[in-house]
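Taken together, the values in this text are just the output of simple stated rules run on the coordinates, not laboratory data. Quantities reported herein were computed from a predicted structural model and do not represent experimental measurements. So basically every Cβ, Gly included, is an ideal-geometry build from the backbone, and we count neighbours across all protein chains shown.
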Amino acid sequence: MPSSSPRKSDSAYPPYDGTTVRQSEMRSRIKRDNADNLIECSPRTFLKTYASNKQLRSKDLRGVVMNALQEDKLLDDNGWTSLRNMGKGQNENETFAFLSQVAETITSAATKHDTTLEPQAIARPSPTATSQHSKPGYRFYPDWTALSSSIHVDAKPSKLGASRKTSVKTSDIASIAEFKLEDTTEKIIDNEDKMAGAANQLLWNDPCRERVLGFTVEKKRTRFWDFSRCAIAVSEPFDISEKPELLVRFLLFVIFAKKHEIGFDPTVHRISVGGEDCYCYEIGKSFFLTVGSPLSEEAAYRMVGRATRVWVVVTLFPDSNGDIEVGGRRFRRGDARRVLKDVWLYDEALCEREIQTSITEKLNKEQKAKLKKHFLTFIMEEVIVFEGEPRLTPRPQNGEFQSTAWQTDPYFHQNSNPSTSRGTREKPPRTEVQPIMMSRTHTLRKHVRSVVREECESLYQLTDFKNALICWRDMIICLDLFRIAGFIHRDLSGGNTLFFEGRGIISDLEYSKRYNEVSSHDPKTGTPDFMAAEYQANYFFFLPSPTDTTAQLLKLQRQWFSPHFVHDIESVYWQYLWFLHNRIPKTSEPSQSALEEIKQQAKLYFGYGIDGNHDRFDVIRNEASNMLLRGVLESVYRPLILQLLDLSITLREEYRRVVRSLPMKKSDDAWRLGDVFNGDIYEKFLGNLQAMLDAYPDGYAVITLDAAR
């Protein structure tokens, strides 16, 4: 069950999306969402890339440690001595308990050989230790953990097999592992599920964490794991007894690596202010202290991606008499509230302030002034640097890794029976589509941090339908100016559609791109709840019927699909649908059955992965979709509010119009539609949105569905 938390984001995001799902289902979602993000390399390449520093690479050090393990009779020429009794009356906990002594021997031998080494973690089996989160999430019980040596740990773990479960803060966990006595497909899948679920929770839970290391063992089949914002890396399997030196190298790193080497961000500090956890972010030589809960952090739940977190912050100024201590230095708090964004961008991507400039350079003076009103004002924006080096996600060199897949078993599905205790709070069967497999480069990501002047509200936070309408109107204005400049946004969502002092602000431009540089080979970008259906499906829905001259070309349609300007407009429509399914008029008094019907309909369209589902596709493809949506929503909303549902008709008409001339192969070998886009659809959307705004000059207060229950 999800644990309670003192820190909650105002964003609507799974698993905190108003539904309750079992932990096994959440783990399955995590693996599905990362089906394209799994890469494999050799164990030695893994150790070189993810678990190595110069001091610990010493052959002399490794030799001393291996000799010590043999002297303590933990290891001999045939491998780990304790594993010879595997399957002979011992349970899983008893079989792998020897790893605690292995870690102690490694620690002792290494520090005697090199007195400059200081243990940073205590590594041992932990079958009775549960996780203690600072975020909503699922508790997990790793079979083995490496814990920060700065915390108190009992010298003697509780008796093997004990039912009592101790609690460990997830922020103190440096590494995790899962064990099984058998190497069947079922056991391999179970270990993968648990590793993916635990790593996802660790990254989501802690703003100070950049990646998570771990390993899995099934009988003697062993793999190393690294979970980062770039990719999920796994080593090829190896026999833990035939190659014990590989595990020794891994444990050496886990025990002695500095926190910034093993996966923690050295430029983010957790501190206690008034009994509450706050975070101090560094940007260059400046320090910023968070105020309250994050404004947005739903993107951080998805393991691979930008992991955007947005906070209200105040500047910290060095002051020996200050009340804030960070790393032994004292600071005082400034008064001005600013907004900080922490994000992982593709290594070659431009930062948002640079993209703002690139767009406005293509506009005339009047257009530029009009768009700038809807841009954020940056105080600073920098790539994070530590010890003179930019913070990048680790990844093997090209040629040293390849894409791989999660273990699957068509005859096994763990905990597949629906829960009888949760009834309709379980999501209905999903009509997910088979994703179109695209080549992935697993591009390196850089860590970028920025501070802006405007303290905005995201769409998720708005409590007045009028303000949401203002945002959507202004997003259409911005998107039209983007079109004139030749740019598409590619990630317009509820988190980056902002409201500030009576106007909409468009943000998160990092995925914005010149349309004439877009190609079918680009990885999909965006927030699934608000992505255009065609973009998720990876093909055009409204292509003309084939003729003798186009029949051959149309057979290649899935190869030449690429996003375009209209897809950004559709993202605004999805924001409107999301709002209707997650907010209701404050003055309405709907029945519980009506509310439940809306929640069930929302489950058809929201909470899916980047490839969408057929229900979402039908909202755009089906001529009667607006009537079907209205049939559920009219029990809560006035007919006037629901008139915007008919904008799906406008979208369908425009989609049909722009593909009358099929895409053409351009000089960069990419397929794109020609010069077919104009401002007509923007004017239609603006007219409808402004008409509704005029109808509600005094506002239209809304509340969440949960508040109405």
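Structure values in brief
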read-out: Distance in nm between pseudo-label sites at Phe317 and Glu118 (7 Å out along the Cβ direction from Cα); value: 3.3
read-out: Other-chain or far-sequence residues with amide H under 5 Å of Thr497's (modelled H); value: Leu459
read-out: Between 0 and 90°, nearest 10: helix 565-582 axis offset from the chain longest Cα axis; value: 80
read-out: Equivalent ellipsoid, region 568-709 (semi-axes from 5 times Cα gyration tensor eigenvalues, Å); value: 33, 19, 12
read-out: Length gained when the stretch Arg329-Ser635 is fully extended (0.36 nm per residue, less Cα-Cα span); value: 104.3 nm
read-out: √(5λ) per eigenvalue of the Cα gyration tensor, the chain, largest first, Å; value: 46, 29, 26
read-out: Percentage relative contact order, the chain, counting C-alpha pairs under 8 Å, at least six apart; value: 13
read-out: On Cα atoms only, tilt of 185-205 relative to the major axis of the chain in degrees; value: 70
read-out: Residues Ala695 and Thr547, FRET efficiency given R0 of 45 Å [Cβ-Cβ distance, rounded to 0.05]; value: 0.50
read-out: Computed lengthening from Arg660 to Asn364, 0.36 nm per intervening residue step minus Cα-Cα distance; value: 103.5 nm
read-out: In Å, descending, principal axis extents of the Cα set of region 265-315; value: 31, 25, 16
read-out: Gain on full stretching of the segment that runs from Glu623 to Glu653 - 0.36 nm per residue minus C-alpha separation; value: 9.7 nm
read-out: Under 30 Å from the Cα of Lys555 - lysines, other chains or at least 8 residues apart; value: Lys513, Lys524, Lys665, Lys666
read-out: Degrees between helix 23-33 axis and first principal axis of the chain (Cα, 0 to 90, nearest 10); value: 70
read-out: Summed residue charge, Cβ within 12 Å of Glu242's Cβ, Lys/Arg positive, Asp/Glu negative; value: 0
read-out: Two-decimal log10 I(q)/I(0) for region 21-262, as the Debye equation yields it once each C-alpha is a single scatterer, q = 0.14, 0.16 Å⁻¹; value: -0.91, -1.24
